[in-house]
Every structure is written in C-alpha cells, then in structure tokens.
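Here the structure is laid out as structure tokens; the discussion comes afterwards.
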Amino acid sequence: MIDLHTHSTKSDGKDTPTELVANAKANGISVLAITDHDTTAGWEEALMAARSHKIGLVPGIEVSTRQLISSDRRISVHMLAYLPDPNNQALFTELEKTRTSRISRAKKMVELLAEDYPITWELVQAELEPGATIGRPAIADAMVSAGIVPTRSDAFTSILHNRSKYYVSDHSLDTLEAISLIRKAGGVSVIAHPLIDFPAGASIQDLPTQYFEELISAGLDGIEVYHRSVPDPAKKWLEDLALKHNLIVTGSSDYHGLTGKDNRLGENQTSPEMLERIIDQASGFEAFL
Ligand code: AMP
Ligand code: FE
Ligand code: FE
Ligand code: ZN
C-alpha cells in the first residue's frame, strides 16, 4: 500500500514523525510520504524511522497557496510538493514566510476567540511542539483541553470554520508561483484534495476546467484524485482531465493521527506506476525505498 499524504507533530498531526512511520508500517503501508504543512522539519526523523522500520519514505511538503479565480476572489489551494530540495533558497524563504504569517494569523484568531471563550495564546502554544507549523488545529486542541468542545472536529464544525466570525485568513504563496518554485527546487507538484469546496449540488458542467488548465500550463505535475474530501462526481472528471494532460494521479489518506482527524492510513492509495513517475521526475531529493 502506498500512501502519499500524511501529517506529523511538525504541523497539525498527532503522531511524531517516528510514530507516524511506525504506525504506517503496522498498518501495512509499504511506501509513505510525510507531507507536513509548509515545513520539512519532520523529514530527518521520519527518514531515520523509515530505515529502522524498513519502510519506503517519500519526503514532501503540503504547501499553502492562494489562487486568484476572479478579480475579487482568492481560494485556498493546498499543493503537495514531493522530493524538492529542502535547501533550495527560494522555496525555503517562501515556506518560512508562510509559517511566520501563520503565527500572527493564529494570534489574531485567538484574540477574537478570547472575547467569548476562555482561551489564551499560551494555551494554544502548549498544544504545539516548538517550531511546528501552527494552524487552526492547534487552536482547536486548546479548546478541547479547555473543555469548550469535545473534539478537534467539533471545534471546526462549530467555531473555527472559514465562515466563522473568528476566522482570519492567512497570507500564502500564489498557487502558480508555488508550482514554479516546486519545479525549480526539483520537486513534483500534485494538487491536494481538489474541489473540496465545490457545491454538492453543482453539475459536472460547472467544474472549472479553465482553473485547472491554468495550473497545468504553469507546470502542475499531478492531481490527488482519491482523497475522502474530493466529491465523488468530480473524481471521474479529474481522472479524465489527468489522462488528457498526461498528469500523475495519486490517492492518499491525509492522515493526521487517530485523534487529529477521521482519515485513516491507507484508506486511499497510489499505484506503484504513479509513484514511479513521481520518483523519476523528481530531482531535488532522493526517496528512501
Ligand atoms: P489552517 O491551516 O489553519 O487553515 O487549518 C486547516 C487545517 O485544519 C487542515 O490542514 C486540516 O488538517 C484541519 N482541519 C480542517 N477541518 C477539520 C476538521 N473538521 N477536523 C479536524 N481537522 C480539520
Ligand atoms: Fe492539516
Ligand atoms: Fe490539505
Ligand atoms: Zn494534508
């Protein structure tokens, strides 16, 4: 089983990189990718664990980006970057900028929340490993610890969702720029969980072909078609699009630990042929196989 999208305590996952690798091995995964949000901080530990557990490891990053889709509308797009050079200066600088802006954005959200809930910045920080990429999950965890909500998911559905009055959006890299940066760093770009915000009742004809074609012209290498958040009617459409443009197609869990999210290791998988394409195409870092 090949699972190419997972998170550790270096961002918003609940397993340390070592635990993540051990759990992957125990769940029958043969090749795992660690893809923490906007950081490569978990790579080294995960590689050491992969060596001792004899499991394949593809280091990656889930890069936060924003794409302008009309003159006044930007949408959030997560871009998976497989095997980029972690020392590439341009990519490193952008990731650092994103992580820094995530801190001020989280502080702003905590300020707003503190008007109505017993929550402080210290409580949020206590949920996070030093240096880990901060996001709403850390705020959610602090709300669970403070007894405000029972689970991380409940915090999202009731309070932290992106239409909430406590929501603050963060700065992130332009999507097209991210695709090009990943390519220049020798990495392979795969758009994570596309169309998750697509309205349930909308028809296939409404799917934004032009939006994807823009990404493809910018150098997008692949699409994460098999992911629990991709709407079923969109999957076939995305497969056809990938076929038409000769793109890589992946399937992954987006595991965040047992209490981080419902997603379970190996629940979606990538074929060995597609993994081979990623490895052949990448030139920034070597996969451990
Ligand atoms: P942020 O990066 O701060 O915008 O927060 C988004 C992150 O929250 C995503 O990477 C997800 O892993 C996590 N997330 C979103 N919705 C939920 C949910 N319902 N339950 C648990 N985690 C979630
Ligand atoms: Fe996440
Ligand atoms: Fe994501
Ligand atoms: Zn993810």
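The values are calculated or read from the model by the stated rules, or taken from the named source; none is laboratory data. The model shown is predicted, which means the values in this text are computed figures rather than measured ones. Neighbour counts are summed over all protein chains in view; Cβ atoms, including those assigned to glycine, are modelled from backbone coordinates with ideal geometry. Quick note on the areas: whole protein, heavy atoms, side chains included, nothing else; ligands and nucleic acids left out. Shrake-Rupley method; radii C 1.70, N 1.55, O 1.52, S 1.80 Å.
Quick notes
- The range 203-289: C-alpha gyration tensor shape, a/c 1.5 cut-off, then a/b vs b/c: oblate
- Each residue of the range 80-86 was assigned a 3J(HN,Hα) from its phi angle through the Karplus curve 6.51 cos²θ - 1.76 cosθ + 1.60 (θ = phi - 60°); the sequence is 7, 10, 9, 6, x, 5, x Hz, with glycine and proline shown as x.
- Ranked packing of 212-224, 161-173, 11-23, most packed first, by mean Cβ within 10 Å: 11-23, 212-224, 161-173
- Straight-distance crosslink candidates among aspartates and glutamates, where the alpha carbon sits under 18 Å from Lys165 and sequence neighbours closer than 8 are dropped: Glu111, Glu115, Asp116, Asp154
- The label-point distance for Val168 and Ser180, in a model that sets each label 7 Å from Cα toward Cβ, rounds to 3.0 nm.
- Amide proton proximity set for Val249, modelled H, under 5 Å, gap of 5+: Ile223
- Whole-Hz ³J(HN,Hα) from phi, Karplus 6.51 cos²θ - 1.76 cosθ + 1.60, for the range 64-77, glycine and proline x: 6, 9, 10, 10, 6, 10, 8, 4, 10, 10, 10, 10, 7, 10
- The candidates Met48, Met274, Met143, Met1, arranged from most to least accessible area with a 1.4 Å probe in the full protein assembly, appear as Met48, Met1, Met274, Met143.
- Amide H contacts for Asp174 (H built 1.01 Å from N in the peptide plane; partners 5 or more residues away or on another chain; cut-off under 5 Å): Arg66.
- Ranked by the mean number of other Cβ atoms within 10 Å of their residues, highest first, the peptides 53-61, 30-38 fall in the order 30-38, 53-61.
- Ordered from highest to lowest accessible area with the whole protein assembly present and a 1.4 Å probe, Tyr211, Tyr117 read as Tyr117, Tyr211.
- Rg to Rh quotient for the range 37-180, alpha carbon positions, Kirkwood Rh: 1.01
- Spread over its residues, the convex hull of the C-alpha atoms of the range 2-281 is 128 Å³ per residue.
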